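Below is one structure, written out as structure tokens, with a few remarks after it.
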Amino acid sequence: RIIVPHAGARAWLEAVLALPAEDQPTAAWARALTGRAGILARIGRHAEAINWAEVGLEAARRTRDPRALGHAHFILGMALLGEGNESSAMQHLDAAAAVSGSGGEPYWEAIGLPFVARVHERGGRFDEARTAFARSIALFRTADNLWGLARALAAQAGFELRRGERERARSLALEALATHRTLGSVWLEGECFETLAAVMLTEGRPRAAA
């Protein structure tokens, strides 16, 4: 998997969006619209992201392409979650899972489940949160998707730390860190080190945390 920096992704999307209507492949068009929404959501412009994602979802529905549909539902769910609309967010994250499963490519279910876990955590449903993390991690392992696996492991490590489960948090963060290093994704290692440092602080080891 190639991880494209935001600047590169934005340039690619602008090129696709500039194509004449008759030259736009339908599925690619839908994913471009949704991709723009994803960039906006990641930089905190959630209201704009929701608008773009809704348009992308409509385009994806016309294609009946499960990957485009899964992508659109996931991004819309993520943007809605950023706006604090958890109920609607869950509907779209669940839809992404259903569409992905029916298409035989559960990537959007796997990547959406840590966000589902976040909603469960906020609602005090900690067992449900762990179940969501476990399924996400299992799906990424099955697909041999190391990038997704590392992100899911790191997300659960943070969750376990907040729940006071230091050893579980440490174990998950170390596995996530090792996976990131396998990929060479140094820029994603920070969240793992933050979790490990926080564990050490709770153990009264500030020098080791530093």
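The values are calculated or read from the model by the stated rules, or taken from the named source; none is laboratory data. All figures in this text were calculated on a predicted structure; none of them were measured in a lab. Cβ: placed from backbone, ideal geometry, glycine included. Neighbour counts: every protein chain shown. Note: areas computed on protein heavy atoms with side chains; ligands, DNA, RNA excluded. Shrake-Rupley method; radii C 1.70, N 1.55, O 1.52, S 1.80 Å.
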Seminar exercise, completed: Computed ³J(HN,Hα) along the range 121-136: with the Karplus parameters 6.51/-1.76/1.60, θ = phi - 60°, integer Hz and x for glycine or proline, the list is 4, 4, x, x, 9, 6, 5, 5, 4, 5, 4, 5, 4, 4, 5, 4
Seminar exercise, completed: Calc'd 3J(HN,Hα), the range 159-174, phi into Karplus 6.51 cos²θ - 1.76 cosθ + 1.60 (θ = phi - 60°), Hz, glycine/Pro = x, comes to 4, 5, 4, 5, 8, x, 8, 5, 5, 5, 4, 4, 4, 5, 5, 5
Exercise. If amide H atoms are built 1.01 Å from N in the plane of the peptide, which residues on other chains or at least 5 residues away come under 5 Å of the amide H of ASN145?
Worked result: none
For this session: Take peptides 75-82, 189-196 and line them up by average Cβ neighbours within 10 Å, highest first, as a rough protection proxy.
Result: 75-82, 189-196
Seminar exercise, completed: Percent of all Cα-Cα pairs per 10 Å bin for the range 125-165, counting from 0 up to the last occupied bin, reads 32, 52, 16, 0
Exercise. Using a 1.4 Å probe, what is the accessible area per residue for the range 39-190, in Å²?
Worked result: 47 Å²
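Kindly rank 51-59, 160-168, 113-121 from highest to lowest mean number of other beta carbons found within 10 Å of each residue.
Details: 51-59: 20.6, 160-168: 15.3, 113-121: 22.1.
Result, highest mean Cβ count within 10 Å first: 113-121, 51-59, 160-168.
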Exercise. Measuring from label point to label point, each 7 Å out along Cα→Cβ, what is the SER185 to GLU167 span in nm?
Worked result: 2.9 nm
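What's the FRET efficiency of GLU128 with ARG62 using the Cβ-Cβ distance as r and R₀ = 41 Å, to the nearest 0.05?
Working: r = 34 Å, r/R0 = 0.83.
So, using R0 = 41 Å, E works out to roughly 0.75.
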Problem set entry | Label-point gap, in nm, between ASN51 and ALA98 - each point 7 angstrom along Cα→Cβ | 2.9 nm
